[in-house]
Structures are given as structure tokens and as C-alpha cells.
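Structure, as C-alpha cells:
The values are calculated or read from the model by the stated rules, or taken from the named source; none is laboratory data. Computed from a predicted structure; not experimentally measured. Backbone-built Cβ (ideal geometry, glycine too); neighbour counts: all protein chains shown.
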């Protein structure tokens, strides 16, 4: 499918399906209609009357155009109030239009939407992102050939009224390639995506986009004292992989960053087994943090900013066998801190502990980790909003701006130091879980023990990485959440 920018207006465009956006403002609607050719204006005025179209967000009436018109069908796209119009509004509107053209098997489509803040480049990129992500379909595990054919439409979408924006469209497609990689990693079952497959994916990114790759095997992790990470993988027949993928720009980097993603490819809970009804069947998603990390690496490798970025994943399975980690065991992390295991199902923070220590050794300017870490975060913020913990106001502001630009929702949560009392152990430096109240906060406080001086933020993305409801450019399943925020942060 081809996306192109065109300075042609809706009045002069010809093709199968035309979409035109209108604000929730009767004056705006009348002014916009007056700019069309008389025949199209008349058709749309009839459609507005018949459907009582007001321009409210989500309104999308459409009609066929009879006679010798160069357009077969036309859709009105409600954008809501002009005062609340954002880049995310553009993404959502473009996504909804693209999905409609796909369902109606339109070969060519034209879309005319207003620009956000008169910024053609940002607006074009947002529209292209919405289209690319909306039309992505993951049919790898479907055998019906007819299912695969649905992806043949539309063949071309023209963004009308914008010119010389090929670079913005290319940027959107490069970022979306990373999001789609993340979606497909997270959606794949645990018998397809293993720790070794994550390492192979990193190798492919390195080869295709000029990054460097280091993969530490079990013995090398032992030599670095990564007892917390290795403790998680003890019961698995699949070897753990510690993945370090590095992007370096030409010349001196403007800054150096690290992104650390939780890479538990399946989480049975260990000896604290997840029982039926606990969501164990969804635990292929427990590597969504690593999926986003690798997706961001793919995007950054193509965008090539003047920033050095270290992408780090401690990949493992949390399984059950005679070699399994026991409740009550004590592990020693690579910074020497000891951990009493009081719940083997709180394993992600153990893998991240050694990954954070490793990240800080790279002498970066800031570290961001992301993980499907706690159900408590979903209880606090629901399925659409991720939690953010950081002691650094400036880093919090950077991530907030990056997420707002991406249309991905984060909420900064408190790092209440006194809650660490609940993690204290009488026989080790700490336990790996605290009391039930404030569970996502104590998880963040646990991770904080493994970053000594580098500015650091923890993102708990447990809710937004998967959706059971289609919404705009999000299809049912893996969402690719956080990739675009991470890319914006790096590029900022």
C-alpha cells in the first residue's frame, strides 16, 4: 500500500473513495463545502441533512456518488471541537478512514484533513502513522487464504492539500515498522518467540540497520554475577539470552541513552504457579517491554539520530522443573545486593535488576526501563494508561512530551520511599515483593536499588500493550505500545 502527499484538493481529486474532515462547527462546515465543486458540494449537503452530521468526533457518514463523477464514494469525518484538535485526532481520523476503505475494498483513496497548528510535516506524519498502523493485519497463524487477501486494499492513499512531505511519510513508515515488529513479537506465542528468537531478532536489526550486537550466554552472565537474572531461567529448558544492541551515530553523539525492556517470553509464575483464571494463557505478552525495546531499535536504526542508544534485554522463561527457583531462596544481583525470593511470580524485576546494573555501566546520560511488571498498575490506571516512576523531574518532562506527541498515555506515579520498608528482609538486603497495597510503587522502588547515580525512569506498561477492542489504529491484540514514545524521546 502506497501513501503519498498531494497538493491536489478534494475538489479536484479523482478516485474510488474520498474522505473530508470537518470540525464541530456549522460555519466551518459551510465554508469547507463552498470550496468544493458544485456537484460534490450538493452531494455532501444532502448527506449532512440526511444523517444530521454535526462534525462530532466519531461521526463518519458516507454515500455513493451516482452519474459520471470521478469519485465513487465520499465520507464525512467528524473531528470534534477545533479547540481539542491534536495530532492524535489526526491519527485516529486517518486510521478510521483507512479501515473503512479497506473494508469496502477501495483501490484508491483520498483524504483531506485540516493541519494541526498549521504544521504540515507533523500533521502528515501523524496521518501516515494512523494509516499504516490501522491497516496492519497479523494473519501469520491463519490458514484461510481469503483472510490474507483483505490486506490488498487500499492500494494507494493520497493525503490531499499537502505537498513536499515525502520525508514525513517515510519517517512515519520507519517508526511504524518498529511498532509492527513489536506487535508481532508480542502477539506470537511462546513456542514461536523464545529468548533465542529475541536474540535472533536483535541480530537481524543489527545486520539490516548497522547496529552492533552483543549476546551474553549463561556462562558469561554468571561471570558478571547476574544471579538475579539467571535465577529466573533456572527451570527452563531454553537458555537465557542477555541482549545488548547498540546504535551509534557518525561523529560525536549529542547524548547517550539506554532503553531496558523486560524479556520474559513466558511467565508460568514459577513455583508460585499462576492458576486457571489468573491470565496464564496471556503470558506470552510478558515480553512486551523487550518487544518495544527491539521495535524502537528498528526505528532508530532507520532514522539515524545523532544520539547513541543502548537497547538491553535480559531474555528468559519463568518455568517449573526440579531446578526451579524456590520461594525462600536468596539470589545475589550483579551489584552485590541480595534478594530473598518470597514470590517466584515477581520475576520480571529480577531480570531487570541485572539489566539496569549493566545499563549503568555503559555510562549513559539516562536510562528508561519498561515492563509489563504489575497487575497493580492496571488496577490503578486501567488498561489505557501506563505508569511512570522517576525521581528526575526533567526526565519525567521529556517522557511526558514524547508520549503526548505519540498519543500514548502515561501518568507519573509517586516513588514513596517509606514504602520500601515493606521490601526489607531479615536475612537479605531485600525481598522481591512487598505487601499488596502500593504493589506497583514497591516494584519501582525495588528497581531503583539497581541504579546508583544515572537519571532513570521506570515505565509499567502492563495495561496498554494489549487490547480486546478495536479502536482507531489499534486492532485487537498487541498494540505496539511505547515504541513511538521511546523514539520521540530519543529523537528529542
ask   = Which of (1) within 23 Å of the chain's Cα centre (by Cα); (2) surrounded by fewer than 24 Cβ atoms within 10 Å (Cβ to Cβ) is the odd one out, the single condition residue 237 does not satisfy?
value = (1)
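Residues checked against (1) farther than 19 Å from residue 283 by Cβ; (2) buried (at least 24 other Cβ atoms within 10 Å of the Cβ); (3) in contact with a helix residue (DSSP H, G or I) (Cβ under 8 Å, 6 or more places away or on another chain):
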position: 300; (1), (2), (3): yes, yes, yes
position: 303; (1), (2), (3): yes, no, yes
position: 309; (1), (2), (3): yes, yes, yes
position: 320; (1), (2), (3): no, no, no
position: 350; (1), (2), (3): no, yes, yes
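Test residue 465 against the criterion of being within 30 Å of residue 93 (Cβ to Cβ) and touching a strand residue (DSSP E or B) at 6+ places or on another chain (Cβ under 7 Å), and give yes or no.
Here the answer is yes, as residue 465 does meet what is asked.
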inquiry  = Criterion first (under 23 Å from the mean Cα position of the chain (by Cα), surrounded by fewer than 17 Cβ atoms within 10 Å (Cβ to Cβ) and farther than 24 Å from residue 217 by Cα) does residue 387 satisfy it?
reply    = no
key: strands (runs of 3 or more DSSP E) contained in region 12-106 and holding at least 2 residues free of Cβ contacts under 8 Å to residues at least 40 places away in the same chain and either within 30 Å of residue 147 (Cβ to Cβ) or touching a strand residue (DSSP E or B) at 6+ places or on another chain (Cβ under 9 Å) (or both)   = 62-64
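Can you tell me which of 395, 373, 325 is in the same structural domain as residue 487 (by TED's automatic domain parsing) and either in a helix (DSSP H, G or I) or surrounded by fewer than 19 Cβ atoms within 10 Å (Cβ to Cβ) (or both)?
After applying the criteria, what remains is 395.
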ask   = If we scan region 214-227, do we find a residue that is at pLDDT 95 or above and within 23 Å of the chain's Cα centre (by Cα)?
value = no
task = Return the total of residues in region 5-34 being under 32 Å from the mean Cα position of the chain (by Cα) and surrounded by fewer than 14 Cβ atoms within 10 Å (Cβ to Cβ).
result = 1
inquiry  = Scan region 203-213 and tell me whether some residue there is surrounded by 22 or more Cβ atoms within 10 Å (Cβ to Cβ) and not in a strand (DSSP E or B).
reply    = yes
key: Hits in region 450-475 (condition: part of a strand (DSSP E or B) and surrounded by fewer than 19 Cβ atoms within 10 Å (Cβ to Cβ))   = 467, 471
remark   = Taking region 130-146 and keeping residues over 10 Å from residue 3 (Cβ atoms), within 19 Å of the chain's Cα centre (by Cα) and part of a helix (DSSP H, G or I) leaves 130, 133, 134
